[in-house]
Amino acid sequence: MSLTTENIKIISFDVKDIRFPTSLEAHGSDAMHTDPDYSCAYVTIKLKTGLEGHGLTFTCGRGTEIVVAACKSLSDLIVGQVVSDIYKDFGGFWRSLTSESQLRWVGPEKGVIHLATAAIINALWDLWGKLLNKPVWQLLADLEPEQLVSTIDFRYLSNVITKEEAVELLRRGRVGKEERMNQLLALGYPAYTTQAGWLGYSDETIYDLANKYMEQGFNAFKVKVGKNLFQDIKRLELIRNTIGWDRILMVDANQIWEVQEAIDWMKQLSHFKILWIEEPTSPDDVLGHAEIAKALKPLGIGVATGEMCCNRVLFKQFLQANALEYCQIDSARIGGVNEILSVYLMCKKLGVKVCPHAGGVGLCEMVQHLQMWDYVALSGTMDGRFIEYVDQQHDQFVNPTIVENACYMAPRTPGYSTTLKPEAISAYENIP
Ligand SMILES: [Mg+2]
């Protein structure tokens, strides 16, 4: 597609409420979300030519209908647009969604309206990839630095990063790109798994799943904690006895603790050789995370957070305050790909590792593209980084993630890997 000559209009917009009954077997359960039904608001944007882009934002069951309503409220800003105009000034288009003069009051740039923005923006990236016949990671890696930067709204970021600095980082990031692309295509990108550690699982299930994933080559495991200290100690003893002491272990409290409680609790678990504590407290508490990070650093435990961080401004503050060591962007949150790119660029500038969150519907499918772009065209390294992997709902997608030897293999099909199978939609659409 030539961006200047095509004149194709978006003719329709559809959004569906899709819910998978995962709570029946405690898949996805943690200290705060004890019975999630993995769900999504699923957006379809259709061109006059018939080509469709699909995008989603992840939800946990009840409430998906609210995100669906928010997507519908934004749809008037999409239908009738010439698609090439969007990509010529994607940053400007993004701002037209997030700063619509009346709608912005119900955010701004946070909460349900921003989840809806993410679903829509993700559908537009899927569409762009399909138009250019490239997987999104490659589309991103092939964009000229100025083009990539033009997709981002830099408002509120200039005291940490400017457009010009971002272009420079991307120029430098391109050195050695072909070599890294070849390596990525051959070997993939390392993953860790959370699948053995959901809070609602029995000891037998944890033991069996840890063994299953070790057999598949996994060397890094994450376990949910935070409900009961005695049970956490028992669970970590079980997992360490199963995976040994050479494999990497992380824990995730999903926001359950007070700040001091997080520090005290983690001191009781520190002898289990834990790489990071994830979401120890409120996802909005920048200074609280900074305090926890400072207290746990001497114990060798890093702080990880980001899966519920509401926008680039909050990420900026976490980074400015040294409040996280591992930045966990989520592909279905903040305002979709465009805003997430700004977080990657800030992390690159400030030397923070990005280890994406992916526990949810379609999150593995999407986030692999972003992390692969980062490796190929920005950070240039996989050192100390991995992508979360959960083995759920992949069979519902037309182009599911492929994981071999505990590595995500680079997607080869055009788009953002976000298209659900028609039979998944008909079986799991929630129709009130
Ligand atoms: Mg988490």
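The values are calculated or read from the model by the stated rules, or taken from the named source; none is laboratory data. Note that the structure is predicted; figures quoted are calculated from it, not measured. Using ideal geometry, Cβ is built from the backbone for each residue, glycine included, and neighbour counts are taken over all protein chains shown.
Restricting GLU388, GLU404 to residues that are under 25 Å from ALA196 (Cα atoms), surrounded by fewer than 22 Cβ atoms within 10 Å (Cβ to Cβ) and not assigned by TED's automatic domain parsing to the domain that holds SER29 narrows the list to GLU404. Right, LEU319: closer than 24 Å to ILE248 by Cβ and hydrophobic (A, V, I, L, M, F, W, C) or not? Answer is yes for this residue.
Out of the range 199-224, which residues are outside any strand (DSSP E or B), within 26 Å of the chain's Cα centre (by Cα) and of a type in the set (Phe, Trp, Tyr)? Within the range 199-224, TYR201, TYR213, PHE218 qualify. Could you check the range 77-105 and list, in sequence order, the residues that are in a helix (DSSP H, G or I) and under 23 Å from GLY50 (Cα atoms)? Once the filter is applied, which keeps residues that are in a helix (DSSP H, G or I) and under 23 Å from GLY50 (Cα atoms), the range 77-105 yields LEU77, VAL83, SER84, ASP85, ILE86, TYR87, LYS88, PHE90, PHE93.
Only residues that are out of contact with any helix residue (DSSP H, G or I) (no Cβ under 7 Å at 6 or more places or on another chain) and in a helix (DSSP H, G or I) were counted across the range 128-171, and they come to 7. In the condition set (1) assigned by TED's automatic domain parsing to the domain that holds ALA118; (2) surrounded by 17 or more Cβ atoms within 10 Å (Cβ to Cβ), GLU144 is compliant with all but (2). Inside the range 324-339, residues that are away from the ligand (no atom under 16 Å from the Cβ) and touching a strand residue (DSSP E or B) at 6+ places or on another chain (Cβ under 8 Å) make up a count of 1.
Among residues of the range 251-280 being more than 13 Å from the ligand (Cβ to nearest atom) and touching a Gly at 6+ places or on another chain (Cβ under 7 Å), the one that is nearest to ALA358 (Cα to Cα) is LEU275. Just one of (1) in contact with a helix residue (DSSP H, G or I) (Cβ under 9 Å, 6 or more places away or on another chain); (2) among the hydrophobic types (A, V, I, L, M, F, W, C); (3) surrounded by 15 or more Cβ atoms within 10 Å (Cβ to Cβ) fails for LEU229. It is (3).
For the range 120-143, the criterion of being touching a residue at least 60 places away in the same chain (Cβ under 8 Å), touching a Cys at 6+ places or on another chain (Cβ under 7 Å) and within 25 Å of ALA41 (Cβ to Cβ) is met by at least one residue. Assess whether CYS327 counts as being farther than 18 Å from ILE292 by Cα and modelled with pLDDT of 95 or more. No.
One residue stands out among those in the range 304-327 that are surrounded by 23 or more Cβ atoms within 10 Å (Cβ to Cβ) and not aromatic (Phe, Trp, Tyr): the one that is farthest from VAL223 (Cα to Cα), which is ARG312.
Pairs are defined by a Cβ separation below 7 Å, a sequence spacing of at least 6 or placement on different chains, a first member in the range 191-208 that is polar (S, T, N, Q), and a second member that is more than 15 Å from the ligand (Cβ to nearest atom); the pairs so defined are THR193/TYR213; THR193/PHE218; GLN195/LEU209; GLN195/TYR213; GLN195/ASP391.
Among residues of the range 356-396 being within 16 Å of the ligand (Cβ to nearest atom) and β-branched (Val, Ile, Thr), the one that is farthest from GLU278 (Cα to Cα) is VAL361.
Counting only residues that are within 16 Å of the ligand (Cβ to nearest atom) and of a type in the set (Gly, Ala, Ser), which one in the range 188-226 is surrounded by the fewest Cβ atoms within 10 Å (Cβ to Cβ)? The qualifying residue surrounded by the fewest Cβ atoms within 10 Å (Cβ to Cβ) is GLY200.
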